[in-house]
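Q: Sharing a structure here in structure tokens format.
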Amino acid sequence: MKNVLVVGGGGREHAIIMKLAESKHVGKLYCAPGNGGISKFAECFNVGATDIDGIVELAKKLKPDMVVVAPDDPLVLGMVDRLQAEGFMTFGPKANAAIIEGSKVFSKELMKKYGIPTAFYEVFTESDKAIAYLPNLEDYGNADKGRASKAAAVALKAKTYAYWATWDATKWNDVIKQVDLLENTYGRDLAPTFDEVFTSDQSKFWGKEYLFGIAGDGGANGGGSEFPGVVLENKAWGVYNGWGQNKPSEDIYEEMAKDGAGNDRLKRSILCYGDTFELNGVERRFFSTSDIQAGFMINKYMDPFKHANMTDTYVNANGDWPTCRIMFPLMRYAEMLLF
């Protein structure tokens, strides 16, 4: 039997280790760094997945018959190259192959060179040139509004300056300039209500607060972000395959409650015990039977789940891919005002 060391500590590595544990050909399983779930199947070591020197030293100590490098970052950094140079049988692409995942510019240029079908792209090294090149959001048809626009690029520039300002305070002036552009040149503004931001009405997906996001459709078409289903109560009281993860904490609830008990932001953001809501056309009072108990659930993305026969149109019928009809925001104008 072969002893195997797996590098990584996420869901991908957990799945790999679970399958390896089923094999009659595998003896001892090791993982670095691993996690609590992985520790049920493998001995875990506190060595970072991108610590190439540390992984090599661990391999020399454990002397595994094979090393499996799963995460993208250590592959791109050349961990497989190094381990093989040290004489270890290693599963995973070398750095010169892993770069196709590590660099989107490289992968796009490769596809262009060899005529491999791919979406249209341009590469810019200066943000102002990208902003000049991109269309305004309003210039797109509804089917294409999920693409990057001038306003989205300006918002990203504002966030970049905000990060820069954490060590150079003069850059806050540049943040203000970009936010002013969003409001006065590109017509971005706050939505009148939270309901409009987190709605299952597709006609409201591209309101004034929208900057960039993932538009989901639901029903047979699926598409969009899985996050609404991930935060839905585990098994959703027998109605749907909610995953019951990423629950709000009490301190977040208390912070929002400072604006007044039952304020719109709080009600639209968090469900707490006893709050009424609709699920599949039926009004309910919130309670949780989840194994991850917090007393709260994220409420922002519940609008698609309120409809009767929700999986016909608004929610993906495949609960293992719990997308739904909602605009999942990646950047909103409200976020810009926080700067």
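Q: Considering only segment 55-81, state which residues are among the hydrophobic types (A, V, I, L, M, F, W, C), surrounded by fewer than 22 Cβ atoms within 10 Å (Cβ to Cβ), under 26 Å from the mean Cα position of the chain (by Cα) and not in a helix (DSSP H, G or I).
A: Residues satisfying the conditions are VAL68, ALA70.
Q: Is there any pair with a first residue in segment 184-201 that is closer than 14 Å to LEU337 by Cα and a second that is of a type in the set (Ser, Thr, Tyr) and crowded, with 17+ Cβ neighbours inside 10 Å whose Cβ atoms are under 7 Å apart and which are 6 or more apart or on different chains, and what are they?
A: Note: pairs meeting the criteria are ARG188/TYR333; ASP189/TYR333; LEU190/TYR333.
Q: Could you grab me the full set of residues in segment 180-208 that are among the hydroxyl-bearing types (Ser, Thr, Tyr), outside any helix (DSSP H, G or I) and over 19 Å from ILE131 (Cβ atoms)?
A: Filtering segment 180-208 for residues among the hydroxyl-bearing types (Ser, Thr, Tyr) gives 185-186, 193, 199-200, 203.
Narrowing further to those that are outside any helix (DSSP H, G or I): 185-186, 193, 199-200.
Correct list: THR193, THR199, SER200.
Q: Is there any pair with a first residue in segment 27-41 that is farther than 23 Å from LYS60 by Cβ and a second that is part of a loop (DSSP other than H, G, I, E, B) whose Cβ atoms are under 8 Å apart and which are 6 or more apart or on different chains, and what are they?
A: Matching pairs, first to second residue: ASN35/GLY9; ASN35/GLY10.
Q: Further, regarding this structure: Residues ALA132, ALA98: which one is assigned to a helix (DSSP H, G or I) and farther than 25 Å from LEU77 by Cβ?
A: ALA132
Q: With the checklist (1) touching a helix residue (DSSP H, G or I) at 6+ places or on another chain (Cβ under 6 Å); (2) on the phi < 0 side of the Ramachandran plot; (3) not basic (Lys, Arg) in hand, flag the one item ASN280 doesn't pass.
A: (2)
Q: To continue, here is another question. Quick test for you: out of GLY218, GLY238, GLY229, pick the one residue that is within 30 Å of ASP312 (Cα to Cα), crowded, with 17+ Cβ neighbours inside 10 Å and modelled with pLDDT of 90 or more.
A: Details: GLY218 fails: modelled with pLDDT of 90 or more; GLY238 fails: crowded, with 17+ Cβ neighbours inside 10 Å.
Being within 30 Å of ASP312 (Cα to Cα), crowded, with 17+ Cβ neighbours inside 10 Å and modelled with pLDDT of 90 or more holds for just one of GLY218, GLY238, GLY229, which is GLY229.
Q: Could you give me the residue pairs with C-beta distances under 6 Å whose first residue belongs to segment 316-339 and is more than 15 Å from GLU209 (Cα to Cα), whose second residue is part of a loop (DSSP other than H, G, I, E, B) and among the acidic types (Asp, Glu) wherever it lies, and which are 6+ apart or on separate chains?
A: As it stands, the answer is PRO322/GLU226; THR323/GLU226; ARG325/ASP217, since those pairs meet every condition given.
The values are calculated or read from the model by the stated rules, or taken from the named source; none is laboratory data. Everything quoted here is computed from the prediction, not taken from an experiment. Glycine also receives a Cβ, built like all others from the backbone with ideal geometry; neighbour counts cover every protein chain displayed.
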